[in-house]
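The values are calculated or read from the model by the stated rules, or taken from the named source; none is laboratory data. Since this is a predicted model, take the numbers as computed values, not measurements. All Cβ positions, even for glycine, are placed from backbone atoms using ideal geometry, and neighbour counts span all protein chains on display.
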Amino acid sequence: MQNDAIRLNSATTNLQVIRDFVSASARTAGFADDTVYKIQLAVDEACTNVMKHSYKNDPTQDIGISVSWDGTKLVVEITDSGLPFDPGQYHQPDLGTFIKQKKRGGLGIHLIRSLMDEVRYDRKNDKNLITLIKELKKS
Amino acid sequence: MSNFSIEIREDRNIKILNLSGYLDAHNSNELEDQLKELIDAGFTRIVVNFSNLNYIASAGLGVFMAYIEDVREQSGDIKLCEMTDKVYTVFDLLGFPVLYDITRSELEAIEKFKV
């Protein structure tokens, strides 16, 4: 199993840095271009949610991202020490209703679930841990 | 440093927005401000050209969700065109093709306003 990790501030300027970091690992792990794109989007959406919801847009907090891979899959772990996030509150968004109500948001989690093979959430030692898994053979 | 930019043109009273670069939660407010400015100035026939956009996250799609009713209430629309396959996939996963006009070419998008 190979791995790589970064730790950065919860500022949205870092989303590009996060995407570049995850894409480089996914490419090294052997994923095709289309799947690299999907993985970086899922990680972007997860980190955006951490910045907005766990840290309430405070750009000075800490996000840790670690990526590990072997010949079969890529595992991305995102940790933060912000507010707990309850994935049980997730409902599949109804775009038509959202538009009528001029509402937005809630799309990120739906995208993450559509783009990755497995999505897990744990709360440990006052930290949120989001785990995203993509299998190589399904790419 | 910005890796996202917007260029605005006008064609037969239709405003055309050319998006370039990477659109995410960091810069989606730039698109929002621009769109709001056009709508507030009375422009409700809008075409968004994605041919130079490399990447879009849901924050970008959220902007189109927030303003589409405003323009449709005034008999206008926001039509989307020239997406790369990667960008289109994101719109498709979130169900946009059912509720928005998404066309291959910019010309098709402009023509749709005449129907």
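When the test is whether a residue is surrounded by fewer than 21 Cβ atoms within 10 Å (Cβ to Cβ), away from chain B (no Cβ under 14 Å) and within 20 Å of A:SER114 (Cα to Cα), A:THR28 does not pass it. Which one is nearest to A:GLU77 (Cα to Cα), of the residues in segment A:33-66 that are free of Cβ contacts under 8 Å to residues at least 24 places away in the same chain and more than 9 Å from chain B (Cβ to nearest Cβ)? Across segment A:33-66, the extreme among qualifying residues is A:VAL36.
Looking only at strands (runs of 3 or more DSSP E) that lie completely in segment A:1-94, which have at least 2 residues being more than 22 Å from B:LEU93 (Cβ to Cβ) and out of contact with any strand residue (DSSP E or B) (no Cβ under 8 Å at 6 or more places or on another chain)? Give the steps one after another, and end with the answer.
Values: elements: A:2-9, A:62-69, A:73-80.
Per the criteria, no element qualifies.
Scanning segment A:95-139 for residues that are surrounded by 12 or more Cβ atoms within 10 Å (Cβ to Cβ), of a type outside the set (Lys, Arg) and out of contact with any helix residue (DSSP H, G or I) (no Cβ under 9 Å at 6 or more places or on another chain) turns up A:ASP117, A:GLU118, A:LEU129, A:THR131, A:ILE133, A:GLU135.
For A:ARG104, state whether it is under 16 Å from B:SER58 (Cβ atoms), modelled with pLDDT under 95, of a type outside the set (Phe, Trp, Tyr) and part of a helix (DSSP H, G or I). Walk me through how you get there before you give the answer.
Values: under 16 Å from B:SER58 (Cβ atoms): yes; modelled with pLDDT under 95: yes; of a type outside the set (Phe, Trp, Tyr): yes; part of a helix (DSSP H, G or I): no.
Judged against the criteria, A:ARG104 is not a match.
B:LEU80 passes every criterion in (1) under 22 Å from A:LEU111 (Cβ atoms); (2) facing chain A (nearest Cβ under 10 Å) apart from (2).
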